[in-house]
Amino acid sequence: MPQIQIAYMRHQGFDKTIKKMWQKFLFLLEEDFGIKNPSMMAVHHSNPNIITLEDYRYVACVDLKDKKIKPKGDIGLCNIKGGLYATIRYQGICEDALTLYKKIYHQWLPSSEFEALNASANVLYYKNNYLDPKDEFDIEFRVPIRYK
């Protein structure tokens, strides 16, 4: 995967309050920078099977592509590092994310020829459950890996 330049907004907690943060983030991107209908992503700094859901660190992101903006208020800028990633396309509802984590980190990775890097997983949203009235998602989940 190539490096991706992103704008982001941070959130603590893995719960429905992420919806309000996404709404604010998308509003500010359009209002302050004219960014409409961006490619939405998320960075998962925590594994919800290990850490409490209240302490979970979630970062909403958008791919800036060629847009040039400056950090402002709650909106920051950084890059998602390029490199080798294990990816899986997955559909479901919010609660299914815990199952996805178990499948990747506790089933697939230990039996594969790869190991996870000490870096954050990220998600590309084809459908963002936090903005979907039925709470459904369609994502590409990406875990940075290397050969064992």
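The values are calculated or read from the model by the stated rules, or taken from the named source; none is laboratory data. Bear in mind the structure is a predicted one, so any value in this text is a computation, not a measurement. Note that each Cβ is placed from the backbone with ideal geometry, even for glycine, and that neighbours are counted across all protein chains shown. Surface areas here come from the heavy atoms of the whole protein model, side chains and all, with no ligands, DNA or RNA. Shrake-Rupley method; radii C 1.70, N 1.55, O 1.52, S 1.80 Å.
For the reader, a short list of remarks on this structure follows.
- As a fraction of the 1.4 Å probe accessible area of the chain, surface on carbon and sulfur atoms comes out at 51 percent.
- Hz values of 3J(HN,Hα) by residue in segment 136-142 - Karplus curve (6.51, -1.76, 1.60), Gly and Pro given as x: 9, 10, 9, 10, 10, 8, 10
- Value in Å of the Kirkwood radius, where the chain supplies the Cα pairs that are averaged: 15.9
- For the options 98, 28, 124, a Gaussian network treatment of the chain with springs between C-alpha atoms closer than 10 Å singles out 98 as fluctuating the most.
- Restraint check, 24/148; 16/72; 20/67, Cα-Cα greater than 32 Å: 24/148
- Sites residue 51 and residue 30, calculated FRET efficiency, Cβ-Cβ separation with R0 35 Å, nearest 0.05: 0.60
- Within the listed set 37, 129, 79, the Gaussian network model of the chain (springs between alpha-carbon atoms below 10 Å) gives the highest mean-square fluctuation for 37.
- Heavy-atom accessible surface of segment 7-92, averaged per residue, reaches 59 Å², computed with a 1.4 Å probe.
- Residue 10 paired with residue 111, simple spin-label distance in nm, labels 7 Å along Cα-to-beta-carbon: 3.8
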